[in-house]
Protein chains: 2
Amino acid sequence: MTNKIKKNDQIKADIVKKSRELFKRFGLNKTTMEDIAQTISKGKSTLYYYFTGKEEVFYAVAQKEISDTFGSIMEEVEKHNSAQERLRAFFLKRFDVLEEKLNTYPAMVREQKKNIEIFHKIHLEFSLLERNLIKEILFYGVKSGEFKHISKKDCDSLAIAASTILNGIDIYTFVEGNVPPIGDQLDILFSITMRGIK
Amino acid sequence: MTNKIKKNDQIKADIVKKSRELFKRFGLNKTTMEDIAQTISKGKSTLYYYFTGKEEVFYAVAQKEISDTFGSIMEEVEKHNSAQERLRAFFLKRFDVLEEKLNTYPAMVREQKKNIEIFHKIHLEFSLLERNLIKEILFYGVKSGEFKHISKKDCDSLAIAASTILNGIDIYTFVEGNVPPIGDQLDILFSITMRGIK
DNA sequence: AGTAGACCAAATGACAGTTTGAGTCGAATA
DNA sequence: TATTCGACTCAAACTGTCATTTGGTCTACT
């Protein structure tokens, strides 16, 4: 039983892994189910045994991408103890990751106009995770007495504001094809915000 | 002499005015030079006596739109005396205006993907004006001693950061077709920033 | 349970013919 | 000389058609 489930999951994971490579290289539209089937050395219809369709394969890949990415951000955040340093680490890593994704999926960026809805849905998922993380960090800072000038209630609003701004920056990045030149200003912006909430 | 120049300018202004109406209704692509010519009751080729082409007509319209819009923002800003209140007025008005434009030019929003380059160029012009205004307000606050925690040098970086963020929000707005739900958070965000720089 | 090959409908791409619309030019007007 | 216009050009956009591709289904084999 568990063996079979494991094998099933393994094949699924393999499909996801191989698909991810294809998506990186050729983007969503130009990667066909046939292509995917070939790289896993199976028939095309086999794919439909494991996934309901191309979109589900893509979602699976995206899910993995989201959890990997979010994981790497979390990892970076958890290296630090104070809320301030956590927040700082978050923003720095966040911008790094954005640039990295831009370079990893050039084909996707090019066709982003074609599949806006899908990208949206994916992005929204990430956005919610992120918003929650920001809220948690702020909350942690309030509880520990580190952030004296904001209340627990504010954390929510602030997290929404921050994630919305990041959202805008993400869209900017994918439309323009490059990360906005805000990196240099990040430090001063951050120190001002810190003085505002500490 | 002056008479002729005046008449010339008057006709140009008329073309711009009528074109603006057409652009509002039908967008850039679906408004033809023939359409414009008809509304000013002249032949199509007459338009080419006053403008080098459709794009120049559009730029003229956009210029007027920029100066009107920026003017209305300035007007709002100058109602207040302190740098803090000016900055606040700027952001509030800025979001108002964004939503207003979104509703005034629905056809443009729909075709925005088709003419990204042009919209870009226009937006960039506005962006520079805006960035300068922000810088001026900050500068004014530093000089008057109102903003104690930032230096003159910082004003530039901060203005860049702010206008980049607004930029992201603009693109978000036009891609999504609605102003991001950040309005409610604007107050708290603003008060934090204020505490950070005052 | 897992795989494959034949099959279908819908999307995609290529192509030819047609229309539209931006921009030019020389002549007419005043 | 300053404006205006009708007639023209030509490239891009649109239309309709046909062949190909491709996502997805079905049946049967092991």
Relative contact order of segment B:1-145, please, whole-number percent, based on alpha carbon pairs below 8 angstrom and at least 6 residues apart. 28
Label-to-label distance, nm, for residues given as B:LYS198 and A:HIS149 (7 Å Cα→Cβ offset): 0.8
Once the dipole of the protein assembly as shown is set up with Lys and Arg at +1 and Asp and Glu at -1 on Cβ about the Cα centre, which of A:THR193, A:SER157, B:ILE122 lies farthest towards its positive end? B:ILE122
Given Cα pairs under 8 Å that are at least 6 residues apart, what percent is the relative contact order of segment B:142-198? 48
Degrees, to the nearest 10: A:116-143 long Cα axis against longest axis of chain A: 30
Sequence of B:MET108, B:MET74 when ordered by accessible area, the most exposed leading, probe 1.4 angstrom: B:MET74, B:MET108
Would you tally the net charge around A:PHE95, using a Cβ to Cβ cut-off of less than 12 Å, leaving A:PHE95 out, and scoring K and R as +1, D and E as -1? -3
Is there a quick way to get the dipole size of the protein assembly as shown? I mean about its Cα centre, with the Cβ of Lys and Arg at +1 and of Asp and Glu at -1; what is the value in debye to the nearest 20? 400
Which of A:LYS93/A:LYS153; A:LYS44/A:LYS114; B:LYS152/B:LYS198; A:LYS12/A:LYS113; B:LYS12/B:LYS44; A:LYS113/B:LYS114 have a Cα-Cα distance over 20 Å? A:LYS93/A:LYS153; A:LYS44/A:LYS114; A:LYS12/A:LYS113
Inter-copy distances for A:THR52, nm, shortest first, label points 7 Å along Cα→Cβ, are 5.5
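Say R0 is 35 Å: what FRET efficiency, to the nearest 0.05, do A:GLU111 and B:ASN81 get from their beta-carbon distance?
Once the sixth-power term is evaluated, E becomes 0.10.
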Treat each spin label as a single point 7 Å out from the Cα along the C-beta direction, and report the B:SER191 to A:PHE190 distance in nm. 2.6
Charges on Cβ only, +1 for Lys and Arg, -1 for Asp and Glu, centred on the Cα centroid of chain A; of A:ASN103, A:ILE171, A:MET33, which one is farthest towards the dipole's positive end? A:MET33
The distance between the Cα centres of segment B:1-68 and segment A:51-70, in whole Å, is 50
For segment A:1-99, which chymotrypsin sites (Phe, Trp or Tyr not before Pro) are in a loop by DSSP, counting at most 12 other Cβ atoms within 10 Å? none
At 7 Å along the Cα-to-beta-carbon direction for both B:LYS42 and B:GLU99, put a label point, then send me their distance in nm to one decimal. 3.9
Once both axes come from the Cα atoms, what is the angle between helix A:152-176 and the longest principal axis of chain A, in degrees from 0 to 90, rounded to 10? 50
Name the shape class, rounded, prolate or oblate, that the alpha-carbon gyration tensor gives for the protein assembly as shown, where a ≥ b ≥ c are the square roots of its eigenvalues, rounded holds for a/c under 1.5, and otherwise prolate holds if a/b is larger than b/c and oblate otherwise. oblate
Radius 13 Å from Cβ of B:TYR59, net charge of other residues (Lys, Arg +1; Asp, Glu -1): 0
Taking a probe of 1.4 Å and counting only protein heavy atoms, give the total accessible area buried between chains A and B in Å², rounded to the nearest 100. 2600
Which of the trypsin sites (Lys or Arg not before Pro) found in segment B:24-94 are loop residues per DSSP with 13 or fewer other Cβ atoms within 10 Å of their Cβ? B:LYS30, B:LYS79
Span from the segment A:156-198 Cα centroid across to the segment B:143-194 one, whole angstrom: 9
Segment A:104-198: relative contact order from alpha carbon pairs under 8 Å, six or more residues apart, as a whole percent, is 30
From DSSP H assignment alone, runs of 4+ in chain A each adding -39500 (n - 2.57), the sum over residues rounded to the nearest 500 puts [θ] at 222 nm at -27000 deg cm²/dmol
Which of B:ASP184, A:ASP170 is most accessible, then next, and so on - probe 1.4 Å: B:ASP184, A:ASP170
Sum of side-chain charges, B:ARG25 neighbourhood, beta-carbon under 14 Å (Lys, Arg +1; Asp, Glu -1): +3
With 0.36 nm assigned to each residue of separation and the Cα-Cα distance removed, A:GLU55 to A:PHE26 gains 8.9 nm
What is the percent carbon and sulfur in the accessible area of the protein assembly as shown, measuring with a 1.4 Å probe over the protein chains and ignoring ligands? 52
With every protein chain left in place, what is the accessible area per residue of segment A:54-197 in square angstrom, probe 1.4 Å? 47
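The values are calculated or read from the model by the stated rules, or taken from the named source; none is laboratory data. Small disclaimer: the values here were computed from a predicted structure and weren't measured. We place every Cβ from the backbone using ideal geometry, glycine too, and count neighbours over all the protein chains shown. Areas reflect the complete protein model, heavy atoms only, side chains present, ligands, DNA and RNA absent. Shrake-Rupley method; radii C 1.70, N 1.55, O 1.52, S 1.80 Å.
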